[in-house]
1. Under 14 Å from the 7 Å Cα→Cβ point of B:GLU356, by amide nitrogen: which residues of region B:265-295?
2. Under a plain spin-label model, where a point goes 7 Å from the Cα along Cα-to-Cβ, how far apart in nm are A:THR14 and A:ARG118?
3. Where a Cα-Cα gap under 20 Å defines reach, which aspartates and glutamates qualify for B:LYS4, not counting those fewer than 8 residues away within the same chain?
4. Select from B:GLY365, B:GLY33, B:GLY241 the residue whose mean-square fluctuation is largest in a Gaussian network model of chain B (Cα-Cα springs shorter than 10 Å).
5. Based on the mean of other beta carbon atoms within 10 Å per residue, what is the order of A:16-24, A:354-362, most packed first?
6. Pairs of alpha-carbon atoms within less than 8 angstrom and 6+ residues apart define the contacts here; what relative contact order does chain B have, in percent?
7. Suppose R0 equals 60 Å. What FRET efficiency, 1/(1 + (r/R0)^6) with r the Cβ-Cβ distance, do B:ARG146 and A:ALA90 give to the nearest 0.05?
8. When DSSP assigns beta bridges and you keep just the ones with both residues in chain B, what percent turn out antiparallel, to the nearest 5?
Amino acid sequence: MKKAVGISLFIFWTFVVAIVASGLTMRYSGKSTGSQQTPAQDAANNLPAGTKLDLALVSKHASKDDCWMIVGNKVYDVTGSISKHPGGAALIIKYCGKDGTQAFATKDIGPGEDHSSRAYDMLKEYYIGDVGQVFGGTSASPATSTKPAVSEQAPSQPVVAPTGVTLNMAEISKHNTAKDCWMVIGGNVYSLAGSISAHPGGADTIIRYCGKDGTAGFATKDKTPGRDHSGNAYDMLKPYYIGKLNQVLSSTPKPSSTSPAQPSVPATPPAPMSAGNITLTAAEVAKHTTAADCWMIIGGKVYSLSSYLSAHPGGASIIVRYCGQDGTTAFATKGSPGGSNHSSGASADLANYLIGTVGQTLPASQINASINQSASTPPASGESEEEDDD
Amino acid sequence: MKNKFVNLSIIIVSLMPVMIWLAMESLSLRFSGVSAILTSIGQLTGLVGMALFSVNLLLINRFKFLDRWFGGLGRMYIDHHRLGGIALILLLIHPVALAVRFIPSSIEVAASFFIPESGNIAKSAGIIGLALMAMLLYFTFYYRPRYELWKLSHRFLGLAFFFGGLHVFFVASDVSRSLWLRSYMLGLIVLAIASIIYRLYQTFVVRKIHPYVVKSVNRPSDQMTELVLEPKSAPMAYKAGQYAFLSFAGIVLPKESHPFSMTSAPSDPLSFVIKDLGDLTSRVHELSPGNEVAVEGPYGQFSYQNFKNKRQIWIAGGVGMTPFLSMLRALGKDEGYQIDFYYCIKNMGEAVFIEEIQRLGDEKGVKVVAFCSDEKGRIDADAIRSMSEGFAGADFLLCGPLGMMSGLRRQLIKAGIKKSKIHSEEFSL
C-alpha cells in the first residue's frame, strides 16, 4: 500500500508540475492565433468567384474528412479539430455540414453546458468566412478578419426589422437564438446576432439573454456584483438598434441610429406611407420615433422634424429624444426643467415642418408632400422664412 | 472475528455509483474513443474515490457495534488505512485523466485543470481538496512526524473532504445530470460529515470515559512500565483480553489517547503493561500516583471466553502477552480449558511477569512455554505442532508484532488449520 501510494503521489505531482509549467510558459510566451489568414480561409479563397457561403454550400462538406460547420453565423472547416476534440469525434461529426451553433452552446446535451470561452477562441483557427459572404476572385478577404475588430464594427448583416411589428417582450422572446438574437437593454431593443462572435466576453454570455431583457446582465457583465461595460461598449450597441421597447415599428426598413455621434443624419425623407387617410393621433405620431422619421407634437400640432435635426443649434439628440412623443414642455424649456423657452424665431421655424393639427385626418399623399417640402427647404437659421413651393 | 458481510458491504457501497453511472448511458458511447475513455476513467475514479473517502470517514468512531462487526477496532483502523490509500490513488488519477484529454489540442487548457479559478467553485474546491488530501496523507504514508502532530494533521483531512464535497455539489458532470447519482453521492457525503461531527464531539466534548487515577507505577523491565489504576467513580467492567484507550491529563504527558490491553483480571485492580515504543509510551514511567487517567472502553473481541472451543493455543510475541496475562489471571481452575501458552521473546531478559505466569500455569493447568528466539530461532507452526497435542483441533489466539502474526497465520493455514480457527488482536497498523 505504501509503495502504491508513493508511486501515485510521485507521478501525480510530476504531471501537475510539468503541465502547469508548460501551460504557463505557453500563455506568457505570447503564442497567439495570429492575424494571418487561416488555412481554411486560404482554401476557401480558391473557391470559384461568386461562391456564396451559405448553408447550401456548407451542407456539401458533411463528412468527417471534409467537415464544415456553422457556429454563430460563421462558417468553419473543423475537419482538423475532430481528432483533437475532448468531447469525442462523434459529437462533431454529427453536425458536419450543418449549423452547430445550438449544439456548441450546449455541448449537445440537454439542459446543456456551454463551451469555455477558450473553446470559442479555438474556433478561429478553423474560420472560413461569415454566412452570406461571397467568395472568390481578387478581393477575397472577408470583411471581418480572423481577429474581428472590436471597434465600430458594423454588423455583417444589416439589422432588418420587420415592419408593423410591436417590440413587446412577447415579440422579442421569439428571437432567442444565436442566429436571431434580440435583446432589451435599457429600454431599447437590439438585434445582436451579428455581434455574438466578436463579443470579447464570449458568445455564451450574450446568447444567455437572447429574447430577454439583458439590461442587468449588460450592466454587470453578467457577474455578481459585476462591472459595467465601458461607454465605448454602450456606443457599440447602436448599430444593432431596432427600436424602443413596446414601440410599434414604422414602415421604414432601414436601421437608424439614435447616436448624435453619427456624422450624418440621413437626409433622405422617410419612405412614403401607405395610401389612404391618416389621422394625426398620438398613436400615429408614436410610430415615427427615429431620427430618419421623426414626428413630434408641439402645442397641439404635429411636426416632422427629421430634416431639421442637423441644423438644430441645440444638437440633434435632444430632438430625437422626443421623436414620436409630445415635446411641448421640452420645447418650452429647451429640454431642461425650469429652462428657457425657444425664441419666437425658432417657433416660427417650426411652421416649416408642420404636418397638421392633432386629431386632423389628412390624405397620406398630402402628408408626404409636406414632409418632402420641409426636407427640401433649407433650414432657417433663427429667422423666419417661408418658402412657397407648392 | 470480523463479520463476513463487512467487506462485502463496503465494496457494494463504494461501487454503487458505478452501477448508477453504467445505467446512465450505453457503454459503447462511454468508451467510444480515446477521449471518451479518458472521460469515463476520470468520472469513475472521481466517483469511486469520493465514495470510498466517505465510507472511510464512517470508520473513525469508536462505536461498540463497529468493534463487534470488525472483530475489534484494531481491524477497523487497518481497513480505514487501506481504504484511505485506495481512495487517494483513485482521486489522484481523476483530474489527470480528465486533463490529459486536452493535451493534443491545448496544453494551456490541460494546465488550467490544476489552477483554481475565481468564480468556478467546482474546480477551485476540487483542486484545494485534492491538494490538501495529497499533502496530508504524505504524513500518513511516508514521513510520520511526532504522534501529536500527525494526529492533528490527520484531522485536517476532514477539511479536504469538505472541499471534495463542495466539488461534487457544484461540478457540472454526470453527478449533476443524474438525480440518482447526485442523491447517492451527496447522501454518502452527508453521512460522512455527520460521522466527522460526531467524532469531533466525542473528542472535544463528551466521552464515555471512566475516570481513574494512578495508584502505582512499576518497571518490570527497562522497556516496560506497569500502571496500576484506581477508579475515581464506578470501575469499568470488562472481559479478560479486552483493551481500553488511555489518555493522560496532559500535565505530565500529552493529552492523546492510545489503546492498551488490560493485564488485570476483571476482579482485580485495573492494570496495564506498556512497552516503550514511541513518543508517549517511552514516557509513561514519568507518571506518579495521583495522576489522572481517562479510561475509555472496553473494546476488543479477543477473549478466550468468546470461543466455544476450550482447546486453545495462545501465542504471544513480546508485549503481545498483555491480553493473555489478563486471561491467565482471570482463568478459573476448573473451567475445563486445555490451553497451551507460548510466550515468545528474544531471551529471558525480555520476559516480564514470567514467574507469575509459570505459577499461574501450574495452578490452573495451563502449559506455559517460554520460547526464546535467541536460542531456538523464530517460532513456527511445526514447532508448535510438535509441542502441542491436539494441535489440529485447537483454536489459535495470536497477539504480537504484525510480521510475526502474519507469518504464523500463513504457516498455520498451510499446516491445515482453518482460517476461522485463527484469531488475532492487532496492536498497530
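Here, each number is a calculation from the coordinates, and none is a lab measurement. What you see is a predicted model; the values in this text were computed from it and never measured. FYI the Cβ positions are ideal-geometry reconstructions off the backbone, even for glycines, and counts take in every protein chain you see.
1. Counting backbone N atoms under 14 Å from the label point, the list is B:265-274.
2. In this crude label model, A:THR14 to A:ARG118 measures out at 2.4 nm.
3. Once the sequence-local aspartates and glutamates are set aside, what remains near B:LYS4 is B:ASP67, B:ASP79, B:ASP395, B:GLU425, B:GLU426.
4. B:GLY33
5. Ranking the peptides A:16-24, A:354-362 by packing returns A:16-24, A:354-362.
6. Averaging sequence separation for qualifying contacts and normalising by length gives 13 percent for chain B.
7. 0.60
8. Just about 55 percent of them are antiparallel.
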